[in-house]
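Novice: I'd like to ask some things about the structure below.
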Amino acid sequence: MHHKNPAWRVFSFGLPLAFSLCSQSVEAQLIVAHRGASHDAPENTLAAFQLAWAQDADGIEGDFYLTRDGHVVCIHDEDTERTAGVKLEVSNSTLAELKKLDVGSWKDKQFAGERIPTLQEVIATVPNGKRIIIELKIGPEIVAPMQRILKASKLKPEQILVISFNEQTIAESKRLLPQIKAHWLTGYESETDLGPWTPTASSVVQSVSRTNADGLGSEGKRGVFDEKFIRSLTEAGIKEFHVWTIDDGADARYYQALGAYGITTNRPAFIRRELNKQSK
Ligand code: G3P
Ligand code: CA
């Protein structure tokens, strides 16, 4: 099965998109659990990551910050209010302070006692051959601490993808860890539902090039990030893209047909079933 493939898939972006649509479309998307299996378990907790593996995800995605005492911890927001009910700024708190918080109960009482995990603890859940997508939520100062943790781990370079909205962070990751893939992230904004949308495809190409990223991680907004947009990337030599956050089967099939490298979803088991429907 495609998701057992040990290597990240390399897409034929140099070929016409029509080729992509007819010949390679249905076989190989990585299904990545967004903040873990976060539809069913509290985001960015070990419970969510373990559930992602139980749901046969190919990879997990998590969000990372630096604590005051230099630990790399997994949480989406810059403070703990939404998931712990108590407001601590991550950058102003020690790991010990953050570890006292319960970040599971907000989702369901069955998850009471879940703690904010460190990057090391998240990595320890990753089975052989599976992937971790590390989203760095802050500036380039987090890259060297991450590098030390990755070096001490058993992960192979091909199991890791670094992502960030921050151009400097991606550039630093490619500088310090050139052998590890990195994708620059972007969403899209408009003053009206009909656009114009920013950033434009040409601006995205410039950002990806500036950072030396291996590809783009794009918001899966079909009205903007469509075949034409993807062709602009291809023509500029950007060979990979992944999309987030895709919880709808039709959207997953749309981006699969356009050759997505990965589909990040809160519902990995559901999206796997949806994509298998088409493959049969
Ligand atoms: O995978 C990228 C995606 O996670 C970015 O958005 O806000 O969920 O971290 P966010
Ligand atoms: Ca994220």
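Novice: Can you show me the helix-derived [θ] at 222 nm for the chain, built from DSSP H runs with n ≥ 4 at -39,500 (n - 2.57) apiece and divided by the number of residues, rounded to the nearest 500.
Specialist: Value at 222 nm, helices only, nearest 500: -9000 deg cm²/dmol.
Novice: Here's something else I'd like to know. Need one number: % antiparallel among DSSP beta bridges in the stretch 86-226, to the nearest 5.
Specialist: Roughly 10 percent of the beta bridges in the stretch 86-226 run antiparallel, per DSSP.
Novice: How much of Lys100 can a 1.4 Å solvent probe reach, expressed as accessible area in Å² and rounded to 10?
Specialist: Probe radius 1.4 Å; accessible area of Lys100 about 150 Å².
Novice: Within 10 Å of each candidate Cβ there may be at most 15 other Cβ atoms; applying that plus a DSSP loop requirement, which GluC sites (Glu not before Pro) in the stretch 32-106 survive?
Specialist: Those satisfying the criteria are Glu78.
Novice: So if I place +1 on the C-beta of Lys and Arg and -1 on the C-beta of Asp and Glu, and nothing else carries charge, what would the dipole magnitude of the chain be about its Cα centre? I want it in debye, nearest 20.
Specialist: Once rounded to the nearest 20, the dipole reads 980 debye.
Novice: What length, rounded to one decimal in nm, is gained on full extension from Gln110 through to Asp226, with 0.36 nm per residue of separation minus their alpha-carbon distance?
Specialist: Full extension of this stretch gives 37.8 nm more.
Novice: Report the label-to-label distance for Lys99 and Arg175 in nanometres (one decimal), using points 7 Å from each Cα along the Cα→Cβ vector.
Specialist: Computed distance between label sites Lys99 and Arg175 equals 3.2 nm.
Novice: Along the three principal axes, how long is the chain when you take its alpha carbons, biggest first, rounded to the nearest angstrom?
Specialist: For the chain, the Cα extents along the three principal axes come out at 53, 43, 40 Å.
Novice: Express the carbon and sulfur contribution to the solvent-accessible surface of the stretch 42-94 as a percent, rounded to the nearest whole number, probe 1.4 angstrom.
Specialist: 47
Novice: Sticking with this one: Report for the chain the percent antiparallel among DSSP-assigned beta bridges with both residues inside it, nearest 5.
Specialist: Values: 6 of 37 bridges.
Looking only at bridges with both residues in the chain, the antiparallel portion is about 15 percent.
Novice: Next question, about the same structure. What residue among Ala201, Phe49, Tyr65 has its Cα farthest toward the positive end of the dipole of the chain, where the charges are +1 on Lys, Arg and -1 on Asp, Glu, each on the Cβ?
Specialist: Phe49
Novice: Run the 1.4 Å probe and let me know the accessible area of Thr234, rounded to the nearest 10 Å².
Specialist: Accessible area, nearest 10 Å²: 30 Å².
Novice: Per residue, what accessible area does the chain have, given a 1.4 Å probe and all protein chains present, in Å²?
Specialist: 44
Novice: Using only Cα atoms, find the angle between the long axis of helix 143-152 and the longest principal axis of the chain, and express it within 0 to 90 degrees, rounded to the nearest 10.
Specialist: For 143-152 against the chain, the angle is about 80 degrees.
Novice: Let's test the formula: R0 of 35 Å, r as the Cβ-Cβ distance of Thr192 and Asn276. What FRET efficiency results, to the nearest 0.05?
Specialist: Calculated transfer efficiency: 0.40.
The values are calculated or read from the model by the stated rules, or taken from the named source; none is laboratory data. Predicted, not measured: the structure shown is a model, and the values here were computed from it. Virtual Cβ from ideal backbone geometry, glycine too; neighbours counted across all protein chains shown. SASA here: full protein model, heavy atoms, side chains in, ligands and nucleic acids out. Shrake-Rupley method; radii C 1.70, N 1.55, O 1.52, S 1.80 Å.
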